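The values are calculated or read from the model by the stated rules, or taken from the named source; none is laboratory data. Just so we're clear, the structure is a prediction, and the values are computed from it rather than from any experiment. Reconstructed Cβ throughout: ideal geometry from the backbone, glycine too, with neighbour counts over all protein chains shown. Ligands, DNA and RNA are excluded from the accessible area calculation, which covers all protein heavy atoms including side chains. Shrake-Rupley method; radii C 1.70, N 1.55, O 1.52, S 1.80 Å.
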There are 4 protein chains.
Amino acid sequence: MSKEKIIPAAIEVFSENGYHRASMDEIAMRAQVAKGTLYYNFPSKSQLFKMVVKAGFEDIMRRTEADLNASLSLEEMILRVIRHHLDLFLESHHVAHIVFNEISNGIEQDVLDELKQLRRQHLNFLAKILEEGKCDDNLLRDVDSNLAAASIVGTIESTCNYYLSHQDEYSRQDLEHFIFTIITKGLFTSIE
Amino acid sequence: MSKEKIIPAAIEVFSENGYHRASMDEIAMRAQVAKGTLYYNFPSKSQLFKMVVKAGFEDIMRRTEADLNASLSLEEMILRVIRHHLDLFLESHHVAHIVFNEISNGIEQDVLDELKQLRRQHLNFLAKILEEGKCDDNLLRDVDSNLAAASIVGTIESTCNYYLSHQDEYSRQDLEHFIFTIITKGLFTSIE
Amino acid sequence: MSKEKIIPAAIEVFSENGYHRASMDEIAMRAQVAKGTLYYNFPSKSQLFKMVVKAGFEDIMRRTEADLNASLSLEEMILRVIRHHLDLFLESHHVAHIVFNEISNGIEQDVLDELKQLRRQHLNFLAKILEEGKCDDNLLRDVDSNLAAASIVGTIESTCNYYLSHQDEYSRQDLEHFIFTIITKGLFTSIE
Amino acid sequence: MSKEKIIPAAIEVFSENGYHRASMDEIAMRAQVAKGTLYYNFPSKSQLFKMVVKAGFEDIMRRTEADLNASLSLEEMILRVIRHHLDLFLESHHVAHIVFNEISNGIEQDVLDELKQLRRQHLNFLAKILEEGKCDDNLLRDVDSNLAAASIVGTIESTCNYYLSHQDEYSRQDLEHFIFTIITKGLFTSIE
DNA sequence: TATGAATGAGTGTTCATTCAT
DNA sequence: AATGAATGAACACTCATTCAT
């Protein structure tokens, strides 16, 4: 079936070029199908894009979930969440870029809405992990879990970007450690 | 002079549509000048975009700097940095979006490089504030200042985005407080 | 197929306007296809132009070759070469003009190079005919065949141009006779 | 006066780019005058072009005439005519190209007419030299002088073009000698 | 006499989308 | 289910020309 050839090609092309510079011609070429086949399987470019982003979100949520279980400590859980997101960002940061950033202006409104909803789902997914952690012990500060989830994603995203253009100065270990520290303990050393 | 009409129009149009969907025709129309006038004043779309982004970065750095002085405590300084960035994000989050996010694929490589340098300058600006704070007292954890700066920006950006679609659930005060807390003290309540 | 509609239209438009004044819009209109169809079939204006020129060169070489055979005397061969070139110049002197003249500045360098090569091939074609003639008898002066070929083409071109704006003063027969005489015997009556 | 700065700049730019690719901006820049100054001194691009071509024709005719006098033999005269035209073609073949070739389609009709007239004048100039030579002795074949003039120019032009891309194979002496031979004695060795 | 900012019609090119096969 | 030729609206950019100063 053609869909299975199209999606990976679309991921590639969208990742390398961003939504607007990606062309359906290029995707068809990489997928080794005719251009018409794209439109036979997906109603439009923006819908195809949505499928790609959706697949990205689902992938990271699936992968993360598979690696978490109730017996883990909250610290370990957060570490693993960070690690999986780092994997996504570093191994295929182009995909990550479109998944987390390219949800920008200039996409058809209806698709844009669906993309925002996907992002919301992802944040919910993270927020829920935090919520569950809250119950267990009193480790977690009493902050809004959704905002906390957003700040985790923002921190990962932004530091990864920085890391990607300064790879000679830090190791991946350094980065992971930094993110874990800053997210869990913040900038200040002082006790509250 | 036309430049003064073009820049605000360009900010508007780039903000509303992102780089690729923004059209020079639209910008010319909003600026009430002929299309040729755009090209008389700016060599290309990407260069015009660069000017807009540059102006954005310079604006926030100027505004922030003007509000900081040596007599402030580190906490107060960080608070003000956050506050100014929040201002930019919330008052004109479209500008902020292009300034901090739209540095994406599909822009001419040379301009892209300059944009990345602008971003680096902005991070340096924040990192320097942190560096100076480090000297004063032992309040700051010994982490890399550049990564720390990146994580601050990422947190602000990401939580603002979330806030913007959930404005009914939080006040601006809540948001500011949350960001300050999470950045300075992190998620965990425990002492190291 | 569209190509068959585009080429003749392109010949027309390039001939009437020269390379730079010819517009893809005009060619599309004359070919009765959409502008996009031009670009579906030819990658660019300059490539389309190249195809037209190439077709012109190939046409005259094919036509000339088809009319020559080993049994002809050298004089007869040269006469036929002149005649065929005259046909091209007079019957469709616009095509001839672009084929022989419009290889000018301001065309993309790569295409320009290919056009120059086409011209070289045509001169080679003529030079080879002369070379073969040289062997047969001792009729031909011992001059460089390539320069000789160039001078034949230059003479035909230039006199045709003159003829075209003075058609009332000469017959086509006069012109053909003049060219043959001047090329084979030169201006002077004297014996060497 | 600005005109004196504009004309040489225009020659340069038209020569390097041909009529259509030459831009008034470039000419103004090279002439070190403002763009408006061009239009203050010349009503339009095509008129400016005409002045350049006219200057070219006048120059070669003046130079040639200055070097001819009644005491010279016809052979010597023709040799000098060839030599002066070769000078023009080889020393500044870009000027020559526009003077002799770029009188093509796509120039405003009125200017085109004037350019054709200039070319006619130049051919007349050459034809008159031939006519005068005819009287002296019976050296010249009885052919139409205008066509003969056209064929001389065509031969020079075409062989020069060939020479310019094969300069390693011939000397300027070779070329001059070839042109003189082919023009005066033609391709054939046989006596009439 | 000279300027240069401003113009706007025109150009080559791209690309998502359609549809007959 | 799949194709690929054809489309046409949209786009960035150019440039001869004008005109207020």
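Can you name the number of the only condition in (1) outside any helix (DSSP H, G or I); (2) within 11 Å of the chain's Cα centre (by Cα) that C:D87 fails?
C:D87 satisfies every listed condition except (1).
Picking from B:K35, B:K50, which residue would you name as being of a type in the set (K, R) and away from DNA strand E (no atom under 11 Å from the Cβ)?
None of the other options fit; the residue is B:K50.
Working only within the range D:1-23, note down all residues that are open to solvent by 30 Å² or more (accessible area, probe 1.4 Å), part of a helix (DSSP H, G or I) and farther than 19 Å from D:E58 by Cα.
D:E16, D:N17, D:H20, D:R21
Which of (1) away from DNA strand F (no atom under 16 Å from the Cβ); (2) over 12 Å from the mean Cα position of the chain (by Cα); (3) within 12 Å of chain B (Cβ to nearest Cβ); (4) modelled with pLDDT of 90 or more does A:V81 not meet, given it meets every other one?
(2)
Does the range D:45-57 contain at least one residue that is charged (D, E, K, R), out of contact with any Ser or Thr (no Cβ under 8 Å at 6 or more places or on another chain) and within 30 Å of D:I179 (Cβ to Cβ)?
Yes, there is a match, as at least one residue in the range D:45-57 is charged (D, E, K, R), out of contact with any Ser or Thr (no Cβ under 8 Å at 6 or more places or on another chain) and within 30 Å of D:I179 (Cβ to Cβ).
Condition check ((1) free of Cβ contacts under 8 Å to residues at least 24 places away in the same chain; (2) at the interface with chain C (Cβ under 7 Å from one of its Cβ atoms)) across all residues:
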position	(1), (2)
D:L126	no, no
D:E131	yes, no
D:R141	yes, yes
D:L147	yes, yes
D:V153	no, yes
D:I156	no, no
D:Y162	yes, yes
D:S171	yes, no
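Quick check: is even one residue across the range D:84-100 loosely packed, with under 15 Cβ neighbours inside 10 Å and in contact (Cβ under 8 Å) with a residue 12 or more places away in the chain?
no
Looking only at the range C:5-49, count every residue that is within 12 Å of DNA strand F (Cβ to nearest atom), of a type outside the set (A, V, I, L, M) and modelled with pLDDT of 95 or more and tell me the total.
Final tally of qualifying residues: 11.
Check the range D:62-77 and report whether any residue there is surrounded by fewer than 18 Cβ atoms within 10 Å (Cβ to Cβ), closer than 24 Å to D:D113 by Cα and within 16 Å of DNA strand E (Cβ to nearest atom).
Checked against the condition, which is being surrounded by fewer than 18 Cβ atoms within 10 Å (Cβ to Cβ), closer than 24 Å to D:D113 by Cα and within 16 Å of DNA strand E (Cβ to nearest atom), the range D:62-77 yields no hits at all.
Return yes when D:R63 is assigned by TED's automatic domain parsing to the domain that holds D:D174, in a helix (DSSP H, G or I) and over 26 Å from C:A22 (Cβ atoms) and no when it is not.
Criteria met by D:R63.
Name the residue, out of A:E26, A:E12, that is within 13 Å of chain B (Cβ to nearest Cβ), away from DNA strand E (no atom under 13 Å from the Cβ), farther than 23 Å from A:V153 by Cβ and free of Cβ contacts under 8 Å to residues at least 40 places away in the same chain.
Going through A:E26, A:E12 in turn, the sole match is A:E12.
Does D:I98 satisfy the condition of being part of a helix (DSSP H, G or I), within 16 Å of DNA strand F (Cβ to nearest atom) and within 14 Å of chain C (Cβ to nearest Cβ)?
So D:I98 passes the test.
Take the residues of the range C:24-60 that are under 20 Å from C:V99 (Cβ atoms) and not in a helix (DSSP H, G or I): which is least open to solvent (accessible area, probe 1.4 Å)?
By that ranking, first place goes to C:F42.
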